[in-house]
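To start, the structure under review is shown below, and the notes come after it.
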Amino acid sequence: MEANQAVQTNAVSVKTKSKASFYQIVWRWHFYAGLFAAPFLIVLAISGGVYLFKPQIESMLYQNMYYVEQPTDGSTALAPSALIHFVQQMHPNGQINSIMFYDDTTRTVEIGMVDNDIASSVFVNPYSGEVMGSLISGERFTDFFVKMHSELIIGGTVANYLVELAACWTVILLLTGLYMWWPRNRASIWGTVLPRLGQKGKVFWRDMHAVPAFWLSLFILILVLTGLPWSAVTGKQISSLATSTNTGYPPYALGSGAKPESTLKTKDVAKGGPWATENLPVPVSTASSYVPLTINEAVIIAEGAKVEKPYRVIMPKNEKGVYTVTTSHTVPGGEATLHLDQYSGAILSDVRYADYGIMGKAITVGIALHEGRLFGLANQLLGLITCLGVIGIVVSSFVMWRKRKPQTKLGSPTPSKDKNRTRVVFFLMLVMGILMPLVGISIIVVFVLDRFVLSRIKPVKEWLHGA
């Protein structure tokens, strides 16, 4: 009897140690992932939280340029060519390259131009032709936060890679965090789904970190995944996959009949257009003796094709160029990308949301959700709560770390001596690295440094793991 009890006790002890060992390994990856990602998450959460309210912020800041009083005498809007004429008079050397119409009858018409190598948007009263003001491209208030969100302000390839790396490591943070959050002993509502607010010290801050992270984990994951289509490495893979499998835009979207195509992609001529058609080849206008279409005729064709406002018309760049019509700042169902022959007015390609493949549709909906425009104010508020939650989770993790770590050491979790479980976790990490290439590279780098460099330098090893 006593022997059986001893065997059972030993079995329980081994099982407990096994769980503790696995927990230690996961905790270690969670710690290092958080150490790298935390600063970037703060930046992404702040910039993303501001950008969610871009419509409201810009409408307030640029009210005098964005809005006019609609005439009460029944006057209709002037022709697009007349509005461009007023802008051209003020900027005789400027080159007009686009015109944008909004779905609000009190909004000004936005005309894009380049003057002295400076790109800007000029806002014109559609009823009187009065120029209400202009803004240099990339210098609106929210543009700063866009650059912070995607390029950490400094810009460049390295910044893009860092943002993507931080976003991808956040996925690992969530997965490892959920494993650590899962009750290891008897399940309890307190400290699991509700924080123990009456506690103090480490327990309080642990709950303020783990419980909100649990509730927000799905929303954080969705924000990360819906942001990846814009990323430098993973985004290109997603785009290539959608194009190669015809699940982005379908081949028949180019319309009927063979047409000569330029080497340009739609993203090269129309910035800010729909994601699903960024890589749609731009057709060329057929050389002919026809007089080129006027902007008025191009707009009539767009209206006849039932393109929903707000939409932008981009002018042809040269004699073989096309008029490009895009709209993406609406609910997903209203997206459209058209290319018009500048001489005949023929619609050379016409791609709508309904034409997208399954990946194109899913990513388009995800982008709208990410930007806070899928279901209006509720979408914005949900995004804001998630961003504020991320900031709170990072802050609470910092407090936890400060309370736990030795005064003069980093205090990272010590490596597990269980080699088998260490290999299992490392293999699972590599699987995620295959799905997210930058993460895979960084995992290998971290592993090599930890195994063959840092662990063999005694002062560094003591600083890292000292307790």
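The alpha-carbon of Lys147 sits under 17 angstrom from the alpha-carbons of these lysines, leaving out residues fewer than 8 places away in its chain: Lys54, Lys271. Please work out whether the range 360-467 counts as rounded, prolate or oblate from its C-alpha gyration tensor, where a ≥ b ≥ c are the square roots of the eigenvalues and a/c under 1.5 means rounded, while otherwise a/b larger than b/c means prolate and anything else oblate? Since a/c reaches 1.5 but b/c is at least a/b, the shape of the range 360-467 is classed as oblate. Working from Cα pairs under 8 Å separated by at least six residues, relative contact order for the chain is 18 percent.
In this structure, the amide hydrogen of Ser349, modeled 1.01 Å from its nitrogen in the peptide plane, lies closer than 5 angstrom to those of His339, counting only residues at least 5 positions away or on a different chain. Under 5 Å between amide hydrogens, built in the peptide plane, is the criterion, and for Ile153 it picks out Met148 among residues at least 5 positions away or on other chains.
Going through the cross-link list Lys265/Lys309; Lys405/Lys461; Lys236/Lys320; Lys202/Lys405, which pairs have a Cα-Cα distance over 21 Å in this structure?
Values: Lys265/Lys309 23 Å; Lys405/Lys461 15 Å; Lys236/Lys320 28 Å; Lys202/Lys405 12 Å.
Result: Lys265/Lys309; Lys236/Lys320 exceed 21 Å.
Rolling a 1.4 Å probe over the protein chains gives Lys419 an accessible area of about 140 Å². Among 437-445, 67-75, the peptide with the highest mean count of other Cβ atoms within 10 Å heads the list, and the full ranking is 437-445, 67-75. When you filter the trypsin sites (Lys or Arg not before Pro) in the range 289-341 for DSSP loop state and at most 10 other Cβ atoms inside 10 Å of their Cβ, you are left with Lys306.
For the range 134-147, putting each phi into the Karplus relation 6.51 cos²θ - 1.76 cosθ + 1.60 with θ = phi - 60° gives couplings of 8, 9, 5, 4, x, 10, 6, 3, 6, 4, 4, 6, 5, 5 Hz, in residue order, rounded to whole numbers and with x for Gly and Pro.
The peptide list 374-380, 334-340, 447-453, put in order of mean Cβ contacts within 10 Å with the highest first, becomes 334-340, 374-380, 447-453. Shown here is the pair-distance distribution of the range 63-139: with all Cα-Cα distances grouped in 5 Å bins from zero up to the longest one, the shares run 3, 17, 30, 25, 15, 6, 3, 1, 0 percent.
Of the peptides 217-230, 165-178, the ranking by mean beta-carbon count within 10 Å, highest at the top, reads 165-178, 217-230. A viscosity of 1.567 mPa s and a temperature of 4 °C, combined with the Kirkwood radius over Cα pairs in Stokes-Einstein, give a translational diffusion coefficient for the chain of 50 µm²/s. Computed per residue of the chain from DSSP H runs no shorter than four, each worth -39500 (n - 2.57), the mean residue ellipticity at 222 nm is -17000 deg cm²/dmol. Once backbone amide H atoms are built at 1.01 Å from N, Asn97 has Gly112, Met113, Val114 as its partners under 5 Å, excluding neighbours fewer than 5 places away on the same chain. For a modelled paramagnetic label at Tyr179, 7 Å from Cα along Cα-to-Cβ, the residues of the range 442-465 in reach, with backbone nitrogen under 20 Å, are 442-451.
For the range 205-253 versus the range 320-398, the spacing of their alpha-carbon centroids is 14 Å. Helix 201-227 and the long axis of the chain differ in direction by around 40°, with both axes built from C-alpha atoms. Computed on the range 279-421, with alpha-carbon pairs under 8 angstrom and 6+ residues apart, the relative contact order is 16 percent.
Counted residue by residue at 0.36 nm each, then reduced by the alpha carbon distance between them, the extension gain from Arg404 to Ser188 reaches 75.4 nm.
List the aspartates and glutamates whose alpha-carbon lies under 17 Å from that of Lys361, not counting same-chain residues fewer than 8 positions away? The qualifying aspartates and glutamates are Glu278, Glu335, Asp350, Glu371.
The values are calculated or read from the model by the stated rules, or taken from the named source; none is laboratory data. Bear in mind the structure is a predicted one, so any value in this text is a computation, not a measurement. Cβ atoms come from the backbone with ideal geometry, glycine included; neighbour counts cover every protein chain shown. These accessible areas exclude ligands, DNA and RNA; they are computed on the full protein's heavy atoms, side chains included. Shrake-Rupley method; radii C 1.70, N 1.55, O 1.52, S 1.80 Å.
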